[in-house]
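The values are calculated or read from the model by the stated rules, or taken from the named source; none is laboratory data. These figures come from a predicted structure and were not determined experimentally. Ideal geometry is used to build each Cβ from the backbone, glycine not excepted, and the neighbour counts take in all protein chains shown. Each accessible area value is taken on the protein alone, full model and side chains, heavy atoms only, with ligands, DNA and RNA left out. Shrake-Rupley method; radii C 1.70, N 1.55, O 1.52, S 1.80 Å.
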Amino acid sequence: MKSITISGSKRESVGKKATKALRNAGQVPCVLYGGETPLHFSADEPAFKHLVYTPNAHTAVIEIEGGKKFDAVLQDIQFHPVTDAILHIDFYQLFADKEVTMDIPVQLKGNSPGVMNGGRLLFRKRKLTIKALPSKLPDFFDIDISKLKIGGNIIVESLLKDEFTILHPENTVVVQVKSARNAVLTDEEEGEEGAEGEEGATEAAAE
């Protein structure tokens, strides 16, 4: 996974006055957790552009004046309710032998035959939360939808790997193709849709 370098300065004072002064100077107050003690630091707001304003997942290398470097992951961020300026960021320090929880984006590739026949593609989970060692964190989940027909779906179970744990139920739908009024069903898809409809009717009757 790609890392973004953040160059910052250690904060000697963490009071409200000092924090306000930092923000007025275009600095973002930050805290790095996970080590022996929390590290308070600040950095120029533009330094976070490629870490925050992107759909991709990245780790960070925090460089503090004096030469100290820390591998970290963004844990929480606060924005101004009106201007959307970054007010505060919490980071969590990474250790090679300690698992970390992170949201990983999902990317779809290929063309779904169900969509080409008029079905509706429903992208249910654009990010998946996983737990893994830092070296095992994937950049993204690459999902091939080139065989996804009307009535079909791809669930978390099909994405499981030994390198990480996905923190969602295995039956969680990531992407699916639903029938639309103008959909053209193949014989095979009609059978699948019919079976799905019968199952839904049985469930409704049971209720």
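Cβ-Cβ contacts under 9 Å between residues 6 or more apart (or on different chains), taken from a first residue in the range 104-131 that is under 16 Å from His168 (Cβ atoms) and open to solvent by 40 Å² or more (accessible area, probe 1.4 Å) to a second residue that is in a helix (DSSP H, G or I) and not polar (S, T, N, Q), are listed as Lys125/Val156. Of all the numbered requirements in (1) of a type outside the set (Gly, Ala, Ser); (2) open to solvent by less than 40 Å² (accessible area, probe 1.4 Å); (3) part of a strand (DSSP E or B), His40 misses one, and that requirement is (2).
Residues that are closer than 19 Å to Ala180 by Cα, loosely packed, with under 15 Cβ neighbours inside 10 Å and touching a Gly at 6+ places or on another chain (Cβ under 7 Å) within the range 132-157 comprise just one, Ser146. The condition of being assigned to a strand (DSSP E or B), closer than 21 Å to Asp139 by Cβ and of a type in the set (Ser, Thr, Tyr) holds for only one of Thr5, Thr54, that being Thr5. With a requirement of 2 or more residues that are among the aromatic types (Phe, Trp, Tyr) and farther than 30 Å from Lys147 by Cβ, the strands (runs of 3 or more DSSP E) lying completely within the range 77-133 that satisfy it span 86-93. Only a single item in (1) open to solvent by 70 Å² or more (accessible area, probe 1.4 Å); (2) touching a strand residue (DSSP E or B) at 6+ places or on another chain (Cβ under 9 Å); (3) among the acidic types (Asp, Glu) is not met by Glu63, and it is number (1).
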